[in-house]
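Structure, as structure tokens:
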Amino acid sequence: MESILVVDNQVSVCNLLKKYLTNNGYSVDTSTQATHALQLMKGNFYHFVISDYRLPKMDGNVFFHMIKSISPRSKVIFTSSQVNLRNVVNMIREGASSYLAKPLNPDELVEVLKQSPRPVSPSSTPEEKSVPNKILPDYVMGKSKKAGEVQYKVSKVGPTNYSVILEGETGTGKESYARLIHHSSARKDKPFVAVDCGCLSRELAGSELFGHEKGAFTGAVTQKTGFFEMANGGTIFLDEIANLGSEIQMALLRALQEKVIRKVGGTKEIPIDVRIIAATNENLYSKSGTSGFREDLYYRLSEFVLKVPPLRERGNDIYQFIDFFLKKTALELDKQNVPQFTDEALTYLREYPWPGNIRELKNAIRRASLFINDKNLVPASALPEMIKASQHRGISISGLSNTNTGPKHGEHQEKDLKSVALMAESEKIKEVLEDVKYNKTKAAQKLNIHRKTLYSKLKALNITY
């Protein structure tokens with residue numbers, strides 16, 4: 001029987017959902033407070049957590065990260081009477097299963113539960129499920145020389161309390177290494193809180209990181225617990241830290257130096273014991289001082305700097321990742337047997353330069369796995385066109401150069417069209433950046449793309465600002 005935790009500050013909603021879901025064959029617990037719910041999760045595994053997004057003293061974003069730090073396999077469904085499109089997009093992007101508007105339609109909720117991929121209880125064993133459905137680790141380290149070098153450094157710095165900077169291209173698995181460092185330390189049983197600094201607006205970054213008092217600013221109707229307080233005793237992972245504004249950098253420096261924080265609008269100093277792991281796809285050292293990142297903060301954070309290599313430099317590690325993501329996707333799609341790629345498809349995957357690294361590989365495999373043939377094989381035709389085209393045209397990591405000096409008949413025009421499209425994209429991005437005075441957050445909004453996507457395109461197209 002699958003278990004569900006319902007979290008809502010209205011007792012009537014909890015009771016109603018418990019009665020209805022119990023009648024539909026689920027085991028249901030309820031809670032009216034986020035902190036109590038988190039305590040329940042520490043002692044019990046719940047297949048699904050159904051929670052109101054706006055809980056007293058803890059908003060949905062913080063609550064979601066706390067759920068994932070305690071029970072990463074639980075599926076989270078948010079509900080709200082005030083649906084904010086940005087919240088919906090952010091939560092789904094972060095990994096929430098669904099976001100439903102109140103008042104809830106119980107039949108719709110049950111349908112969402114039935115259609116969601118089945119999470120696996122940590123108590124499940126290989127005997128209870130077929131091989132593809134056994135619990136898999138959350139990441140693969142690889143066996144290449146470069147992967148071994150990184151693992152060796154992680155084994156040295158993990159047990160310490162050093163602050164760490166992880167440098168590497170987008171999608172190289174920096175968060176996985178941050179989690180490995182956390183689990184290698186004495187803090188492993190304490191919270192691990194991941195924060196995407198690229199999604200923090202300048203206006204609310206202080207509130208998100210350090211919390212705020214009721215009435216601190218317009219819209220602050222309740223007291224809020226920030227990420228640092230949530231991570232107390234554990235580790236906070238600040239992804240894309242270079243995106244933080246100067247004021248927040250100063251507050252972060254103070255927190256590192258004095259080991260205290262102060263909520264926005266508050267006067268009380270709150271002691272914290274938090275290990276900081278920061279990540280960036282830029283060279284923070286060269287950016288510090290004159291390019292927007294505080295030099296003193298860099299030296300505080302850089303007690304240990306770890307460079308994460310891109311996938312294209314990791315040799316045969318790609319086959320481990322392919323196998324890993326095939327198994328994960330088989331589990332997600334409830335497949336009885338793990339599919340395999342055809343030799344032709346494997347050749348394409350091996351030769352592609354993977355500018356989006358492990359994240360791009362994962363997405364390509366998840367998509368291709370939908371097109372398994374009757375022999376349980378994933379054919380080359382299931383792969384994205386860009387991956388197949390790269391081998392024939394010799395597309396480099398920048399997507400602009402072409403190493404094939406002898407194209408076949410009919411390919412020249414296609415290459416030109418590709419180059420023209422990339423050049424047009426480059427020009428449009430430059431135009432928007434100039435228009436918004438090189439504010440990357442505004443540029444991403446104007447281009448209607450995620451900020452991380454913009455950074456990836458800037459790097460791929462060799463645009464430097």
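Within segment 257-270, identify whether any single residue is of a type in the set (Gly, Ala, Ser), buried (at least 16 other Cβ atoms within 10 Å of the Cβ) and more than 23 Å from residue 183 (Cα to Cα), and answer yes or no.
Looking for residues that are of a type in the set (Gly, Ala, Ser), buried (at least 16 other Cβ atoms within 10 Å of the Cβ) and more than 23 Å from residue 183 (Cα to Cα), one finds at least one in segment 257-270, hence yes.
Can you name every residue in segment 342-379 that is over 22 Å from residue 313 (Cα atoms) and small (Gly, Ala, Ser)?
Result: 368, 369.
Check off (1) within 29 Å of residue 309 (Cα to Cα); (2) within 23 Å of the chain's Cα centre (by Cα); (3) modelled with pLDDT under 80 for residue 448 and give me the number that stays unchecked.
Evaluating residue 448 over (1) within 29 Å of residue 309 (Cα to Cα); (2) within 23 Å of the chain's Cα centre (by Cα); (3) modelled with pLDDT under 80 leaves (1) as the failure.
So residue 323 fits all but one of (1) surrounded by 14 or more Cβ atoms within 10 Å (Cβ to Cβ); (2) charged (D, E, K, R); (3) touching a residue at least 24 places away in the same chain (Cβ under 8 Å); what number is the exception?
Unmet condition: (3).
One line per residue, one yes/no per condition, for (1) outside the structural domain of residue 187 (by TED's automatic domain parsing); (2) outside any loop (DSSP other than H, G, I, E, B); (3) surrounded by 15 or more Cβ atoms within 10 Å (Cβ to Cβ); (4) over 19 Å from the mean Cα position of the chain (by Cα):
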site: 273; (1), (2), (3), (4): no, no, no, yes
site: 277; (1), (2), (3), (4): no, yes, yes, no
site: 282; (1), (2), (3), (4): no, no, yes, no
site: 298; (1), (2), (3), (4): no, yes, yes, yes
site: 330; (1), (2), (3), (4): yes, yes, yes, yes
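Regarding segment 366-379, can at least one residue be identified that is within 21 Å of residue 174 (Cα to Cα), surrounded by 21 or more Cβ atoms within 10 Å (Cβ to Cβ) and either basic (Lys, Arg) or in contact with a Gly (Cβ under 7 Å, 6 or more places away or on another chain) (or both)?
No, every residue in segment 366-379 fails to be within 21 Å of residue 174 (Cα to Cα), surrounded by 21 or more Cβ atoms within 10 Å (Cβ to Cβ) and either basic (Lys, Arg) or in contact with a Gly (Cβ under 7 Å, 6 or more places away or on another chain) (or both).
If you check every pair at least six apart or on different chains, which have Cβ atoms under 6 Å apart with a residue in segment 90-117 that is in the same structural domain as residue 65 (by TED's automatic domain parsing) and surrounded by 13 or more Cβ atoms within 10 Å (Cβ to Cβ) first and a residue that is part of a helix (DSSP H, G or I) and not polar (S, T, N, Q) second?
98/112; 99/88; 99/91; 106/20
Restricting to segment 338-390, name every residue that is among the β-branched types (Val, Ile, Thr) and in a helix (DSSP H, G or I).
Hits for segment 338-390 are 347, 358, 365, 387.
Out of all the residues in segment 213-244, which are at pLDDT 90 or above and in a strand (DSSP E or B)?
235, 236, 237, 238, 239
In this structure, does residue 176 turn out to be within 16 Å of residue 278 (Cβ to Cβ), surrounded by fewer than 18 Cβ atoms within 10 Å (Cβ to Cβ) and modelled with pLDDT under 95?
Yes, satisfied.
So residue 155 fits all but one of (1) in contact with a Ser or Thr (Cβ under 9 Å, 6 or more places away or on another chain); (2) in a helix (DSSP H, G or I); (3) under 26 Å from residue 455 (Cα atoms); (4) modelled with pLDDT of 90 or more; what number is the exception?
Among (1) in contact with a Ser or Thr (Cβ under 9 Å, 6 or more places away or on another chain); (2) in a helix (DSSP H, G or I); (3) under 26 Å from residue 455 (Cα atoms); (4) modelled with pLDDT of 90 or more, the lone unmet condition for residue 155 is (3).
Here are 148, 142: which of them is of a type in the set (Gly, Ala, Ser), modelled with pLDDT of 75 or more and assigned to a loop (DSSP other than H, G, I, E, B)?
The conditions single out 142.
The values are calculated or read from the model by the stated rules, or taken from the named source; none is laboratory data. Since the model is a prediction, treat every value here as computed from it, not as a measurement. Quick reminder, even Gly has a Cβ in these numbers, built from the backbone with ideal geometry, and neighbours come from all protein chains shown.
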